[in-house]
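The values are calculated or read from the model by the stated rules, or taken from the named source; none is laboratory data. Model, not experiment: these values are computed from the prediction. Neighbour counts are summed over all protein chains in view; Cβ atoms, including those assigned to glycine, are modelled from backbone coordinates with ideal geometry.
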Amino acid sequence: MLVRDIMTRHPLSVQPDTSIHDAFLVMQENQIRHLPIMQDGKLLGMVSNRDIRWVVSAFVTPDVKALQEQTIERLMVRPVLTVDEDQPIEEAARIMRTHKVGSLMVLNDEDQVVGIVTGIDLLDAIINLTGVHQPSSRLEVELKSEPGELARVSQLMANLGINIVSVLTSQTDDQHQRFLFRIQTMNVRAAAHKLREAGFQVVYPQ
C-alpha cells in the first residue's frame, strides 16, 4: 500500500496573510487538525491545532480583534516534512515517528503538493491491512524461523476450508517468529486445536 492510496487529496490550505482567527475557523468548521500554508502553489509552512491552541483562549476575551490582525504566518512551522506519493505507507509512518509529527504533506515527482497524510490515515490503513473490519477471527501462532513453516500453516487452513484474510509477523528471537492471522471462521478454537495437534505453538486463543 502506497501513500497515494491513503492520503487526502486536494487538502484545504490558507494563504500566509490569513488571520489566526480565520485559520482557526477553517480548522474548526472542517474538523481538521493540520492546515498547510500555501501561496501560488508553493508550500510555505504548516499549522496544527496544537500550534494555535494557546491563542484559542483569546476568543473568550474581548480582544478578538488582535487575533484578526495577526497572520498565521507568525505561527506556521517550517520547513514542512514531506513524503513522496509513491512511497510505501511504512516510510510515511517512519518519518512521522522519527520526527514526532502528526502529518506529512505529500508531493508528486514534480515536487507539487498533491495531498496530506495523517496519523489517522495510517491507523485506517492498519485496520484495512489487518482485516479487522471484515468478519473474521484472530489466530496467533509462534513458528520457527525456517523456510516452509508458514506454508504448512497455510496448507492446514486450506485443508480445513478456512480462508486467511491477513497475516502480520514480528520477530520474537533469532529462532522464532510470531504470526498474527485473521481467518474467516467464527470457530477459531477448532482451528487452533488442529494446529496444536499438528505440533504448532498456538499463542492465541488459549
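Details
- For Ile72: the one exception among (1) out of contact with any strand residue (DSSP E or B) (no Cβ under 9 Å at 6 or more places or on another chain); (2) β-branched (Val, Ile, Thr); (3) at pLDDT below 95: (1)
- Among the residues listed as Glu73, Glu90, the single one being without any contact (Cβ under 8 Å) to a residue 40 or more places away in the chain, outside the structural domain of Leu180 (by TED's automatic domain parsing) and not in a loop (DSSP other than H, G, I, E, B): Glu90
- Neighbours by Cβ (under 9 Å, 6+ apart or cross-chain): first from the stretch 119-135, in contact (Cβ under 8 Å) with a residue 12 or more places away in the chain; second surrounded by 15 or more Cβ atoms within 10 Å (Cβ to Cβ) and among the basic types (Lys, Arg): Thr130/Arg182; Gly131/Arg182; Val132/Arg182; Gln134/Arg182
- Single condition Ser166 does not satisfy, out of (1) in the same structural domain as Pro88 (by TED's automatic domain parsing); (2) surrounded by fewer than 16 Cβ atoms within 10 Å (Cβ to Cβ): (1)
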